[in-house]
Every structure is written in structure tokens, then in C-alpha cells.
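Worksheet: one structure, shown below.
The values are calculated or read from the model by the stated rules, or taken from the named source; none is laboratory data. All values derive from a computational prediction rather than experimental measurement. Methodologically, a virtual Cβ is constructed for each residue, glycine included, from the backbone with ideal geometry; neighbour enumeration extends over all protein chains shown.
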Amino acid sequence: MVAYLLLGVLVGCLIAVAIRTQIAAVRVHRLSWQDIVSQLKRIEFQRVTYVARDYLDPQEGQISLEPTDMWLMLGGRDGLRRMRENARLMLLLAAHAQRWNFDEGVIVTERMRRDALRLRHAVRRIELTLAFHFVMRRSGTLIPFHLHEAASAYYLMRQRLLALYQTSHAGLYPQLAEIL
């Protein structure tokens, strides 16, 4: 009896998630390019680039960036939240580009989706570590690694999106580059 009840609750939750996802997809499909771009949050990209390149392009003296410096350069919790939200919007912009250049758009969107997953995972790990720092003392030492991962994923997403727009819709590229 309890097993059937649990199964019913699980099926109900899955149906609710499917309905919610479908409603969100319909809403997103109605958004214009300008609507999506207007929702992007301003991020100091030069600072993100500095942190990301420290991770992606290793040079001599690889431990020159201090964790506190990375945290401040990325804007702390608020900056990570903005990066995560912008990543979602950049995926929508990449999906828009598929209308003009389907073949490249599909591949770039998938790469960006994977970058977005890495970004979300890194931000989630940072948030959990900060929330439960007193319980997980050791994981506090992992925050710099997650900051590097978040910055590099965001950096790659932005670069991929701009390159896609440069080849797919050069008319919108300058406006997008200025906002991002």
C-alpha cells in the first residue's frame, strides 16, 4: 500500500515537472531576441577573463591568484548568481542563432549547454560549501577550484556565443558584444 502511494507521488511529481518544463518552454519561445538581451546582467568580463585564463592557460607561477582575489574579481555570491543567470540567457541566444545557422548553431548550443552545466555545478558547490562551512571544513579549501571552473565555463560560453553571432548574424554581433 505504501509502495503504491510512493509510486503515485513520484509519478505525480514527474508529471508536474513535465508540465512546468513545457510551460517554461512556451514562454521562452515567445521571447524575442531583444527581450532576452535586455535581461542580461552586467558582469566585469575582464575580471572573469583573468580568473578563467589563470585556469585555462597555465603559465609559470600558477598559484599567483589568491582565493580571496578570485572571489572579489568574480563579484562574490552576487557575481556568481549573475553569471549563472546570464548563462541561461546565453543559451537562449544561442538557440535563437540556430534560426540563421542551424548546423553550427546546434553544435555550439550543445557545447554551451555543457559549459552551463559545469558553471551551475561549480556555483552550487560553492553555495553548499558556504552554507554548510561549519560542517564541511575541508571542502572550504575546494572553493578556489570551483571559482576557476565557474569563471572558465562562463568565459567559454561567452566566447562561443560571440563567435557564433559573428558568423551567423554579424548585424546583431556588435550589440551583443557590447552587452556581454
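A few points about this structure:
- Within the range 96-132, being surrounded by 13 or more Cβ atoms within 10 Å (Cβ to Cβ), under 23 Å from L80 (Cα atoms) and small (G, A, S) holds for A116, A122.
- Filtered residues of the range 30-67 (kept if assigned to a loop (DSSP other than H, G, I, E, B) and β-branched (V, I, T)): I43, I63
- Restricting the range 68-87 to residues that are among the hydrophobic types (A, V, I, L, M, F, W, C) and part of a helix (DSSP H, G or I), the residue that is surrounded by the fewest Cβ atoms within 10 Å (Cβ to Cβ): L72
- Meets criteria (touching a residue at least 60 places away in the same chain (Cβ under 8 Å) and either more than 17 Å from the chain's Cα centre (by Cα) or over 25 Å from G171 (Cβ atoms) (or both)) for M70: yes
- Sole exception among (1) modelled with pLDDT under 90; (2) in contact with a Leu (Cβ under 8 Å, 6 or more places away or on another chain); (3) of a type in the set (D, E, K, R) for D57, by number: (2)
- Unique match (being assigned by TED's automatic domain parsing to the domain that holds E44, charged (D, E, K, R) and touching a helix residue (DSSP H, G or I) at 6+ places or on another chain (Cβ under 8 Å)) among R124, R160, R114, R82: R160
- Test: residue in the range 109-129 that is in contact (Cβ under 8 Å) with a residue 24 or more places away in the chain, in a loop (DSSP other than H, G, I, E, B) and closer than 20 Å to L31 by Cα: no
- Pairs, first closer than 19 Å to D115 by Cα in the range 44-66, second charged (D, E, K, R) and outside any helix (DSSP H, G or I), C-beta under 7 Å, six or more apart: none
- Residue within the range 10-29 that is assigned to a loop (DSSP other than H, G, I, E, B), hydrophobic (A, V, I, L, M, F, W, C) and either assigned by TED's automatic domain parsing to the domain that holds Y173 or at pLDDT below 70 (or both) present: no
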